[in-house]
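Participant: Shown below is the structure under consideration.
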Number of protein chains: 2
Amino acid sequence: MGIGDQDDRPAGASPILAGKTVISVDAMGGDRGPAAVVAGCAISARKNPDIGFILHGRRDELEPLVARRNLGDRCVIHDAAEVVTMDAKPSIVMRRGQNTSMWSAIDSVRNREATVAVSCGNTGALMALSMVRLRKLPGVNRPAIACLWPSRNANGYAVMLDVGADVRADDSDLLQYALMGASYARNGLDIRRPRVGLLNVGTEEHKGHPELKSAHALIATAAVDAEFDFVGYVEGGDIPRGGVDVIVTDGFTGNVALKTAEGIASMIREFLRQAFRHSFLSRIAAILAYTSLQRLSQRIDPRRVNGGVFLGLNGTVVKSHGSADATGVSAAIKLAFQLAHAGFSDRLAARVASTGHPQGDMSS
Amino acid sequence: MGIGDQDDRPAGASPILAGKTVISVDAMGGDRGPAAVVAGCAISARKNPDIGFILHGRRDELEPLVARRNLGDRCVIHDAAEVVTMDAKPSIVMRRGQNTSMWSAIDSVRNREATVAVSCGNTGALMALSMVRLRKLPGVNRPAIACLWPSRNANGYAVMLDVGADVRADDSDLLQYALMGASYARNGLDIRRPRVGLLNVGTEEHKGHPELKSAHALIATAAVDAEFDFVGYVEGGDIPRGGVDVIVTDGFTGNVALKTAEGIASMIREFLRQAFRHSFLSRIAAILAYTSLQRLSQRIDPRRVNGGVFLGLNGTVVKSHGSADATGVSAAIKLAFQLAHAGFSDRLAARVASTGHPQGDMSS
């Protein structure tokens with residue numbers, strides 16, 4: 001079966017989605033299957049009357065799920081027969097993935113039916129397909145994946161990029177990451193004037209790789225026109241400390257830092273559970289402290305910061321964890337809505353295009 | 001005043017230190033001053049009858065502290081008039097630091113009065129002085145700093161190197177880190193056959209920088225003769241997961257990962273404290289769970305894994321946190337004792353020298 005064989009008019013024209021901010025959702029890619037994805041859509045739909053969905057996947061599987069969740073008046077299904085598996089090779093998906101739900105979800109952004117797509121699927125394949133179908137923004141050399149970190153900042157988050165789109169980044173790539181990250185913080189986190197830091201092994205000017213020194217100079221120069229504050233070098237310990245909203249680094253370092261932090265947080269959560277099971281008194285304590293511990297657990301719950309965002313393409317793609325449950329999917333959709341609603345894709349494009357041109361769009 | 005003007009015979013010959021495993025301690029470098037360092041020595045001395053100290057610093061300050069802690073029969077003081085401050089430039093210390101306690105502490109290793117030195121001082125200066133006074137081991141291109149991570153491993157720790165001696169590392173450097181790290185795990189953590197992993201952004205063979213692929217091949221080849229198990233690529237999340245005892249990476253990535261993990265752990269500890277202060281019930285709970293929470297707190301207490309170790313020099317130097325209190329200093333001294341007692345410096349030298357020579361010392 002082809003893609004969208006019953007829905008090949010632009011979805012924006014569908015009366016169901018009229019007046020809604022439309023998110024394109026790959027319903028098939030996650031480890032938990034389409035039921036978790038549709039359940040996540042339902043959570044978001046309940047909280048937000050302005051959201052609409054294009055769901056991509058097997059119509060015969062999706063229709064009953066949509067009916068059960070009462071989403072019939074909020075979403076359109078684009079039929080796609082195939083699924084990109086977690087172990088699929090990106091190069092194969094790029095050549096033969098035309099009938100997959102992932103391809104279809106990205107093409108809804110390409111066709112301007114939606115400005116943001118969400119997928120829980122294979123990251124490598126999603127990045128590769130996004131690159132070939134959406135293409136890089138003019139002026140962007142390396143697209144990046146940005147993610148949110150828990151932080152002591154007032155809004156609770158900091159943005160880090162790149163966390164794994166490309167293991168390399170030269171000085172001008174790092175400058176673009178700074179511009180894209182600042183724009184993302186402005187549109188995704190409502191931070192009017194983001195504070196941008198460059199990740200290094202010390203805050204002294206003489207430390208680090210030569211390309212970092214050069215990037216430091218480029219970002220400092222660009223900060224004035226791009227309306228962010230450059231706080232200079234930051235270290236790993238500064239990421240959750242607050243004081244910085246956007247942390248710029250190459251995809252190798254960012255990926256290691258992200259996965260290390262997730263691993264440490266997960267270990268501490270496990271130790272904490274063990275501590276509360278350790279004795280009779282500690283079990284009682286766990287009951288008494290239930291509300292407070294739930295609050296703690298929410299503050300460091302990786303599902304609540306679920307959603308890496310691909311930046312630097314003609315359109316925005318939100319990558320949700322493969323293992324995301326309904327709560328995780330809903331968090332990714334919330335982020336996608338915020339970005340779509342803010343007109344982020346167009347603003348980011350304007351920002352990148354205006355680098356070095358002070359007459360550019362200053363609101364992006 | 002010169003260094004050791006009253007103690008210029010080898011300290012090993014001092015009757016006070018006869019039969020003891022002698023640790024050379026820079027008593028002046030830490031943020032908390034010599035009182036915390038001497039208090040740390042006293043904790044270790046109480047627990048371990050076989051340990052002796054050469055304390056380096058201002059005799060007039062150290063003598064009363066040593067007397068108060070009843071350490072007179074366990075240590076010798078080497079008088080050193082000057083202190084390396086935390087903001088001192090390594091290049092200046094290398095040229096003009098002859099009268100500092102740090103220089104004196106390293107020279108006790110150089111003179112074979114001790115095989116391991118401990119300092120809470122300025123890391124950059126300590127590394128620079130260690131390099132010029134102890135010199136690199138034959139066959140080592142880049143010395144490394146190794147540190148311990150909390151882990152789900154049976155012994156509770158994993159070793160990571162390099163965490164900041166040098167921001168660069170090529171494939172042969174990474175091979176040497178694997179050899180040195182395995183030797184450290186064997187002698188410092190009593191792991192007979194360490195499992196060594198190479199840090200990357202994915203466990204698939206095709207991922208990462210080209211020098212990582214080359215290092216992967218070199219380490220896999222060396223593993224047989226060097227008697228460790230090479231588990232291949234590991235990711236950031238694998239560091240605390242268990243399953244790997246030695247994580248090999250360049251000093252830039254390792255330093256970012258270490259500081260990020262410390263920052264995340266510190267943030268979670270703070271959130272946990274807030275959670276227990278949040279309500280009347282949670283305060284009661286904190287009292288009931290006191291013992292269990294103390295146990296948790298100890299498992300993730302950075303003071304208990306205090307001590308980065310400089311590897312690849314003619315002698316071993318343990319760097320304690322600048323802010324270490326008596327508990328932290330004592331942890332660093334315990335590690336130094338274990339390494340000195342195991343004859344680690346000589347074993348490591350033999351291991352590095354035997355790379356590629358199967359007839360080398362297989363016990364190191």
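The values are calculated or read from the model by the stated rules, or taken from the named source; none is laboratory data. Values in this document were obtained by computation on a predicted structure and should not be read as measured data. Cβ coordinates were reconstructed from backbone atoms using ideal geometry, including for glycine residues, and neighbour counts include every protein chain displayed.
Participant: Among the residues of the stretch B:43-58, which ones are crowded, with 19+ Cβ neighbours inside 10 Å and either touching a residue at least 40 places away in the same chain (Cβ under 8 Å) or not small (G, A, S) (or both)?
Facilitator: Across the stretch B:43-58, the qualifying residues are B:S44, B:I51, B:F53, B:I54, B:L55, B:H56, B:G57.
Participant: Regarding A:L218, is this residue aliphatic (A, V, I, L, M), within 14 Å of chain B (Cβ to nearest Cβ) and over 18 Å from the mean Cα position of the chain (by Cα)?
Facilitator: No.
Participant: Does at least one position in the stretch A:124-137 carry a residue that is of a type in the set (S, T, N, Q) and assigned by TED's automatic domain parsing to the domain that holds A:M28?
Facilitator: Yes, the conditions are met somewhere in the stretch A:124-137.
Participant: Across the stretch B:259-269, what is the total count of residues that are surrounded by fewer than 24 Cβ atoms within 10 Å (Cβ to Cβ) and either in contact (Cβ under 8 Å) with a residue 40 or more places away in the chain or in contact with a Phe, Trp or Tyr (Cβ under 6 Å, 6 or more places away or on another chain) (or both)?
Facilitator: 1
Participant: Take the stretch A:56-83 and flag every residue that is outside any helix (DSSP H, G or I) and either among the basic types (K, R) or in contact with a Pro (Cβ under 9 Å, 6 or more places away or on another chain) (or both).
Facilitator: Result: A:G57, A:R58, A:R69, A:R74.
Participant: May I pose another question? For the stretch A:103-118, which positions are among the small types (G, A, S) and either assigned to a loop (DSSP other than H, G, I, E, B) or modelled with pLDDT under 95 (or both)?
Facilitator: A:A114
Participant: Would you confirm, using the coordinates I've provided, whether A:A158 is of a type in the set (A, V, I, L, M, F, W, C), over 19 Å from the mean Cα position of the chain (by Cα) and outside the structural domain of A:I54 (by TED's automatic domain parsing)?
Facilitator: Criteria not met by A:A158.
Participant: Any residue that is in contact with a Gly (Cβ under 6 Å, 6 or more places away or on another chain) and either buried (at least 24 other Cβ atoms within 10 Å of the Cβ) or at pLDDT below 90 (or both) - is there at least one of those in the stretch B:187-200?
Facilitator: The answer is yes, given that some residue of the stretch B:187-200 is in contact with a Gly (Cβ under 6 Å, 6 or more places away or on another chain) and either buried (at least 24 other Cβ atoms within 10 Å of the Cβ) or at pLDDT below 90 (or both).
Participant: Which count do you get for residues in the stretch A:142-188 that are out of contact with any Lys or Arg (no Cβ under 8 Å at 6 or more places or on another chain), assigned to a loop (DSSP other than H, G, I, E, B) and not hydrophobic (A, V, I, L, M, F, W, C)?
Facilitator: 4
Participant: Considering only residues that are in contact with a Gly (Cβ under 8 Å, 6 or more places away or on another chain) and not in a helix (DSSP H, G or I), which ones fall in the stretch A:206-228?
Facilitator: If the condition is that a residue be in contact with a Gly (Cβ under 8 Å, 6 or more places away or on another chain) and not in a helix (DSSP H, G or I), then A:G208 is the only one that fits.
Participant: Going through the stretch A:78-98 one residue at a time, which ones are in contact (Cβ under 8 Å) with a residue 24 or more places away in the chain and more than 23 Å from the chain's Cα centre (by Cα)?
Facilitator: Selection gives A:D79, A:A80, A:A81, A:Q98.
Participant: If you don't mind, another one. Given the structure, is B:A114 closer than 19 Å to B:S14 by Cβ and in the same structural domain as B:A350 (by TED's automatic domain parsing)?
Facilitator: Yes: the conditions hold for B:A114.
Participant: Return a yes/no flag: does the stretch A:203-224 have any residue that is over 22 Å from B:K89 (Cα atoms), surrounded by fewer than 24 Cβ atoms within 10 Å (Cβ to Cβ), in contact with a Ser or Thr (Cβ under 7 Å, 6 or more places away or on another chain) and not aliphatic (A, V, I, L, M).
Facilitator: Taking every residue of the stretch A:203-224 in turn, none turns out to be over 22 Å from B:K89 (Cα atoms), surrounded by fewer than 24 Cβ atoms within 10 Å (Cβ to Cβ), in contact with a Ser or Thr (Cβ under 7 Å, 6 or more places away or on another chain) and not aliphatic (A, V, I, L, M).
Participant: Based on this model, can you work out whether B:V140 counts as touching a Leu at 6+ places or on another chain (Cβ under 7 Å) and modelled with pLDDT under 95?
Facilitator: So B:V140 does not fit the description; no.
Participant: If you don't mind, there's one more thing I want to ask. Take the stretch A:247-290 and flag every residue that is at pLDDT below 75 and touching a His at 6+ places or on another chain (Cβ under 9 Å).
Facilitator: Of everything in the stretch A:247-290, just one residue is at pLDDT below 75 and touching a His at 6+ places or on another chain (Cβ under 9 Å), namely A:A289.
Participant: Somewhere in the stretch A:194-207, is a residue of a type in the set (G, A, S) and away from chain B (no Cβ under 14 Å)?
Facilitator: No: the stretch A:194-207 contains no residue that is of a type in the set (G, A, S) and away from chain B (no Cβ under 14 Å).
This table checks each residue for (1) modelled with pLDDT under 95; (2) surrounded by 15 or more Cβ atoms within 10 Å (Cβ to Cβ); (3) more than 19 Å from B:S130 (Cβ to Cβ); (4) assigned by TED's automatic domain parsing to the domain that holds B:T115.
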| residue | (1), (2), (3), (4) |
| --- | --- |
| B:C41 | no, yes, yes, yes |
| B:D60 | no, no, yes, yes |
| B:D73 | yes, no, yes, yes |
| B:T100 | no, yes, no, yes |
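Participant: Can you tell me which residues in the stretch B:23-42 are touching a residue at least 24 places away in the same chain (Cβ under 8 Å) and assigned to a helix (DSSP H, G or I)?
Facilitator: Selection gives B:P34, B:A35, B:A36, B:V37, B:V38, B:A39, B:G40, B:C41, B:A42.
Participant: Just need a number here: residues in the stretch B:43-55 that are assigned to a helix (DSSP H, G or I) and not hydroxyl-bearing (S, T, Y).
Facilitator: The qualifying residues number 4.
Participant: Kindly indicate which of B:Y177, B:Y184 is aromatic (F, W, Y) and at pLDDT below 95.
Facilitator: The unique qualifying residue is B:Y184.
Participant: Continuing with the same structure: Please state which one of B:A169, B:A182, B:A178, B:A223 is within 14 Å of chain A (Cβ to nearest Cβ) and hydrophobic (A, V, I, L, M, F, W, C).
Facilitator: The match here is B:A169.
Participant: B:T115 passes all but one of (1) within 21 Å of the chain's Cα centre (by Cα); (2) within 17 Å of B:G30 (Cα to Cα); which number fails?
Facilitator: That leaves (2) as the condition not met.
Participant: Mind checking which residues of the stretch A:229-283 are more than 7 Å from chain B (Cβ to nearest Cβ), β-branched (V, I, T) and in a loop (DSSP other than H, G, I, E, B)?
Facilitator: A:V244, A:T249 - these are the residues of the stretch A:229-283 that are more than 7 Å from chain B (Cβ to nearest Cβ), β-branched (V, I, T) and in a loop (DSSP other than H, G, I, E, B).
Participant: Do the conditions hold for A:M94, that is, is it aliphatic (A, V, I, L, M) and either surrounded by 19 or more Cβ atoms within 10 Å (Cβ to Cβ) or within 19 Å of A:R32 (Cα to Cα) (or both)?
Facilitator: No, not satisfied.
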